[in-house]
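The values are calculated or read from the model by the stated rules, or taken from the named source; none is laboratory data. Worth saying up front: this structure is predicted, and the values here are computed from it rather than measured. Note that each Cβ is placed from the backbone with ideal geometry, even for glycine, and that neighbours are counted across all protein chains shown.
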Amino acid sequence: MASLAGRIRAALSRTADQIRGRLAAAPESAAAPAARTAGRAVGLDTLEAVEDALIAADVGLKATAHIVEAIRRQPGGRLSARVGAVVREILGGVDAPAPVAVRPHVVLVVGVNGTGKTTTVGKLARWHRRQGRSVVIGAADTFRAAAAEQIAVWADRADVALVGAQPGADPAAVTFDAVTAARARGRDVVLIDTAGRLHTRANLMAELDKIRRVVGREVEGAPHEVLLVLDATVGQNGLVQAREFMAAGGVNGIVLTKLDGTAKGGVAVAIAHELRLPIRYLGIGEGLDDLVPFDADAYVDALFAQV
């Protein structure tokens, strides 16, 4: 299997190609109308090229403005290296998966329909298994048709235990059963697959809060992670979803899926800059092992190292 950096580079190739094409042609002549820095002139045309490249990659207006201003003030050097250094600073300190310090470590996986949430639960189970941890999945999506069958297939593929329920059962009760089973069996991790929900539906967001309260009574500090699954192809719309889930669902980490199918991979920078939410994992394909921990250095190198 390719290295982590290689897999992230491959997934971000469409985004990188777009950025590369715009930055490679950016004029860096000191003779151009310029905003002066301590080391050299940065042409205004160059700054506009940087801005265009970042916005096209869905870095977002606020993060792009921050990066462009930092470039304007920086001393000379290769343009892509300067942009990469600022992006690395934005992402710094938010790239590691949360430590598994309490058994069971309880993870709620939330998001809107169509983001790849249930698939992500299966891949997360596989990832934890590869770290040597025992896993229980709680099938708390009791509303969507065929949800139970879908998560059962993923649990089987990942070779982990599954606690399910009848359609229409109380998701908080299913969560309670999953956590109780994990404690009784001495399992390390509980992954709760919740129903997809629109962040605008107050009753469904209240249901998430109920689930959080239930697990909090059963395990100290639980839920230890509330991971919001965002589809990278929706770009800046993901920020709106993240803000609402942060407010109502206690989200403390992001799983960015479908990264290999978009040129909008810069949205990770927007999330980190505007929301200060860590990107925990990246979905880079459809296979069971196509979920990888986010690595800021690999991400920056994939986008800017070859420009």
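It is to be established whether one or more residues within the range 294-304 are farther than 16 Å from TRP127 by Cα and part of a loop (DSSP other than H, G, I, E, B).
No, because not a single residue in the range 294-304 is farther than 16 Å from TRP127 by Cα and part of a loop (DSSP other than H, G, I, E, B).
Are any residues in the range 219-255 free of Cβ contacts under 8 Å to residues at least 60 places away in the same chain and of a type in the set (Asp, Glu), and if so, which ones?
GLU244
Take the range 50-85 and flag every residue that is under 22 Å from the mean Cα position of the chain (by Cα), buried (at least 22 other Cβ atoms within 10 Å of the Cβ) and part of a helix (DSSP H, G or I).
Selection gives ALA53, LEU54, ALA63, THR64, ILE67, VAL83.
With β-branched (Val, Ile, Thr) and part of a strand (DSSP E or B) as the only criterion, which of ILE192, ILE211 stands out?
The conditions single out ILE192.
Report the residue count in the range 88-118 for those that are buried (at least 22 other Cβ atoms within 10 Å of the Cβ) and either more than 30 Å from ILE67 (Cβ to Cβ) or modelled with pLDDT of 95 or more (or both).
Within the range 88-118, residues that are buried (at least 22 other Cβ atoms within 10 Å of the Cβ) and either more than 30 Å from ILE67 (Cβ to Cβ) or modelled with pLDDT of 95 or more (or both) number 8.
Name the residues in the range 265-293 that are in a loop (DSSP other than H, G, I, E, B) and under 13 Å from the mean Cα position of the chain (by Cα), would you?
Within the range 265-293, GLY265, GLY266, ARG276, LEU277, PRO278, ILE284 meet the criteria.
Per-residue answers, yes or no, for (1) part of a helix (DSSP H, G or I); (2) closer than 22 Å to ILE279 by Cβ; (3) aliphatic (A, V, I, L, M):
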residue	(1), (2), (3)
VAL215	yes, no, yes
VAL229	no, yes, yes
THR233	yes, yes, no
ALA248	yes, yes, yes
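Contact list please: Cβ distance under 7 Å, first residue in the range 56-73 and modelled with pLDDT of 90 or more, second residue buried (at least 21 other Cβ atoms within 10 Å of the Cβ) and in a loop (DSSP other than H, G, I, E, B), pairs at least six apart or on different chains.
ALA57/LYS264; ALA57/GLY265; ALA57/GLY266; ASP58/LYS264; ASP58/GLY266; VAL59/GLY266
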